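Read through the structure below, which is laid out as structure tokens, and then see the notes.
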Amino acid sequence: MRLTVLGARGGFPEAGDACSGFLVEHDGFRLVLDAGYATFPRLLAHCAAADVDAALITHGHPDHCVDLNPLLRARSLTDDPAPALPIYAPPGALDAVLALDRPGMLHYALHPVGDGDRLRIGPFTVDIAGLPHFVPNNGVRIAAGGAALAYQGDSGPAPALARLAEAADLLIAEATYPEAVPADSAGRLSSALDAGAAATTAGSGRLLLTHLWPGLPATRALGAARSAYAGPVEMAVGGQVWEP
């Protein structure tokens, strides 16, 4: 299994950056995991739009899903359209982004998924856990070839995240803030300190921090995560590749 970071900024991208998005590959199958602002051009550096086999979207906030639109347009608005793209997401989460174009213009097959579901997407076994956010959010565990990664999407701290990431080779955890989450977002977003605690509880092999708010220093977030987790910790950056 191979993971490529397309973007990892929370909220909105800074110059030359992109929001949440990853490309997960195994045995020639390509799965897009979230598709936030500015991730589509970065995806094209790795494969053509028509070569994407499926998309898995954690929730409906635009910094995680808005670049589904150019991906679907690139697949659909050609002389030889690609087959309908299977898309897995919480029920109703993608209504807004999929409504940007006229009905029938984009070719996709939408599959609503939620807490407790187990899916087979190509070579991947995918387990879903609902995690607390401002909108329905699916944390995911993706396994193939004897390796497993867990991805939080966005959420507050929750025991379900540690269960999802139990003994995973990699935990991709939200770290919108380094240490403390503001009161108006408490329970719905996490800090790097929370991410480190989750990785420790889960016994994850490696921690990759994502979704840091624009303007906040990565060094501070890394320090906070390392204070709660003794394993390897990195900040996700575009172009970064992980293989177990």
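Bear in mind these aren't lab numbers, they're just calculated from the coordinates by the rules spelled out. In this text, all values refer to a predicted model and were calculated from it rather than measured experimentally. Please note: Cβ atoms are built from the backbone with ideal geometry, for glycine as well, and neighbour counts cover all protein chains shown.
General remarks:
- Formal net charge of residues neighbouring Thr176 (Cβ-Cβ distance under 14 Å; K, R +1; D, E -1): -3
- Charge sum, other residues only, whose C-beta stays under 13 Å from Arg2's C-beta, Lys/Arg counted +1 and Asp/Glu -1: -3
- Contact order for the chain, expressed relative to its length and based on alpha carbon pairs under 8 Å spaced 6+ residues apart, stands at 18 percent.
- Among Ser190, Ser76, Ser20, residue whose mean-square fluctuation peaks in a GNM of the chain (springs only between Cα atoms under 10 Å): Ser76
- Only the Cβ atoms of Lys and Arg (+1) and of Asp and Glu (-1) were treated as charged; on that basis the dipole of the chain about its Cα centre amounts to roughly 180 debye.
- Over the Cα atoms of the stretch 13-129, the radius of gyration divided by the Kirkwood radius equals 0.94; this is the Rg/Rh ratio.
- Spin-label model, Asp17/Ser185: points 7 Å from Cα along the beta carbon direction are separated by 1.2 nm.
- Here is how the number arises for the chain: DSSP H runs of 4 or more residues each give -39500 (n - 2.57), the sum is divided by the residue count, and the result at 222 nm is -5000 deg cm²/dmol.
- Counting only the Cα atoms, the stretch 120-244 fills a convex hull of 103 Å³ per residue.
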